[in-house]
1. Relative contact order of segment 406-482: what whole-number percent is it, with Cα pairs under 8 angstrom and at least 6 residues apart?
2. At most 13 other Cβ atoms within 10 Å and a DSSP loop assignment: could you name the GluC sites (Glu not before Pro) in segment 337-415 that fit?
3. Can you tell me the order of 282-290, 390-398, 250-258 when each peptide is scored by its average per-residue count of other Cβ atoms within 10 angstrom, highest first?
4. For segment 107-163 and segment 374-439, what is the separation of their C-alpha centers, rounded to whole Å?
5. Before anything else, pin down the relative contact order of segment 64-180: Cα pairs under 8 Å, at least 6 apart, normalised by residue count, whole percent.
6. Take the Cβ-Cβ distance between Arg200 and Glu473 as r, set R0 to 51 Å, and report the resulting FRET efficiency rounded to the nearest 0.05.
7. Run the simple label-point estimate for Asp257 and Val483 please: 7 Å along Cα→C-beta, distance reported in nm.
8. What ranking, highest mean first, results for peptides 318-330, 188-200, 78-90 when packing means the other Cβ atoms within 10 Å averaged over each residue?
Amino acid sequence: MTARDAPTERHECDDVDPDVAAPCADEEHSTSGLSLQIVDSIQIILTALMLAFMLRAFFIEAFIIPTGSMAPGLLGRHAVQVCPNCGLQFDYGPAGSLDGFTPPNQTFCPNCHVQIEVQPEKVGVRSGDRILVHKWPYVLGGFLAPKRWDVFVFRDPADPSQNFIKRVVALPNESIEVVDGDLYIMAPGASEHHIARKTRAAQSMLWFNVFNQNFLPRDNTAPDHPPAWVAERNAAGRQNVGWSNMHLRVIRHDASDDTVHALRFDPDGSRYYMQDVYAYNHGSGGNYVGDVRILTEMHPLGGDGWLQFQINRDGDSFKARIHADGEAVLSATRADQASSELEIGTATVAPLAGARPCIIEFGHLDYRVYLKIDGRVILATDDQQYSPNLSVLRTTHRIKPVEIRLSASNLTFELSGLRVDRDVHYAYSRSNTLRAYPSHPFALGDDEYFAMGDNSPNSHDSREWFQVGPHLEHALKADEYQVGAVRANQIVGRAFFVYLPSLLPISEESRWRIPDLGRVRFIR
């Protein structure tokens with residue numbers, strides 16, 4: 001017998017952990033093993049629970065969003081409507097009820113602006129988005145402290161048992177003022193307010209649909225329902241014939257001469273175009289929005305002319321012209337200057353002749369006019385070329401919509417996916433807004449933040465708060481807190497991920513549901 005096979009004398013208790021007393025008798029061995037398995041299982045469960053509690057307390061916590069103050073980017077309890085007129089699918093909230101979900105009598109399509117009767121028995125109510133919140137970065141502070149445009153969760157200043165989710169718009173020791181839907185910030189030590197421009201990530205959640213050519217109303221060929229894009233008449237009063245297919249998803253321009261053919265977005269088709277329409281709220285806030293963009297995919301087909309995008313806003317006119325040879329020109333005609341057109345900048349892009357399709361975006365955003373091609377900024381204004389006159393804006397109110405035109409000459413091309421979007425418009429209400437409105441800036445103290453919701457007309461936030469809960473009464477009396485601010489020690493953390501969006505019903509009775517995995521995403 002080899003050493004490998006040689007038996008060795010061992011006591012049965014030699015394999016038992018020395019810290020565990022167990023009987024050595026053979027008849028008790030199976031009972032002892034079962035007991036140890038139970039103890040081990042309990043230890044594993046307790047350890048897992050302890051780690052879960054530690055994770056929740058110090059690192060990541062899950063929340064569910066109950067209301068629509070951050071809609072449509074982040075949703076509370078809501079329902080979904082498909083417009084029977086244009087086919088656009090949109091989300092809408094309850095009819096003024098915080099408890100449960102009471103369907104409204106009508107919904108409002110944000111694309112074609114028809115009122116849609118709601119049939120309560122067919123409404124499939126969906127829960128709010130479930131999100132994950134980072135807790136430890138804000139605790140560390142410094143570089144990881146809350147930044148402007150972060151989406152964060154904090155305790156309700158009026159009720160510490162409730163949590164709010166909003167967006168950080170002003171930081172400690174800053175002064176904030178909301179004018180014409182934009183945010184103006186005065187930094188510590190500065191003498192005047194400057195516009196706060198949104199980050200690219202935040203802006204991706206803050207574009208709202210105005211009109212999308214991919215969702216054409218069924219009746220857009222009727223005389224009393226003209227297409228949203230209308231060919232302008234030429235100098236002789238005749239209809240321009242260069243543009244065609246405005247009643248189709250792909251608009252076409254054909255021209256082989258130097259005649260300029262213009263196409264305009266027709267806000268007269270609906271008085272709600274260019275207003276702060278929120279499908280979630282079943283209508284418009286009634287404010288004309290000044291920040292818009294035009295976005296389309298251009299398919300060049302021939303010619304050596306040009307295509308021009310134009311935005312007219314409050315007497316100013318901005319144009320971006322792209323020539324077939326690849327020259328791009330940004331120019332402006334300012335209302336407060338001579339009527340001559342001023343060239344702002346030029347750039348060279350890939351020639352259009354024989355080129356592949358390209359994505360073109362032209363917009364006015366936070367007092368910056370820009371031209372993007374395939375997602376890259378080609379031309380843009382700077383603060384020396386174009387900036388807001390805050391003293392004038394404080395005393396004026398926009399009474400007509402922004403105008404949008406397309407024009408072209410000696411160029412043949414098609415435009416697909418043509419759409420117009422508008423920026424978030426931070427609203428002012430005479431009855432509810434208590435602070436940070438025009439000529440009434442709000443100054444934050446140490447460790448104080450200003451919070452606002454993306455669904456501005458329907459967000460109870462720093463602009464409106466008037467109650468203070470028992471958790472802040474002492475700080476208020478000691479002048480360490482002011483109503484309207486979010487104290488740093490009341491912040492739970494930064495919202496960063498939607499891990500379980502609202503569930504999709506898969507039966508007509510909405511009994512069976514599955515996760516809407518297509519909306520699992522990071523929060524911007």
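1. Computed value for segment 406-482: 26 percent relative contact order.
2. Working: sites: Glu341, Glu343, Glu361, Glu403, Glu414; in loops: Glu341.
The qualifying sites are Glu341.
3. Working: 282-290: 19.8, 390-398: 13.6, 250-258: 16.6.
Descending mean neighbour count gives 282-290, 250-258, 390-398.
4. Centre-to-centre (Cα) distance: 25 Å.
5. 20 percent
6. The value I calculate is 0.80.
7. Computed distance between label sites Asp257 and Val483 equals 7.0 nm.
8. Descending mean neighbour count gives 318-330, 78-90, 188-200.
Every read-out reported here was derived from the displayed coordinates using simple, explicitly stated rules and does not represent laboratory data. This structure is a prediction, so every number in the text was calculated from the model and none was measured. For neighbour counting, all protein chains shown are included, and Cβ atoms are generated from backbone atoms with ideal geometry for every residue, glycine included.
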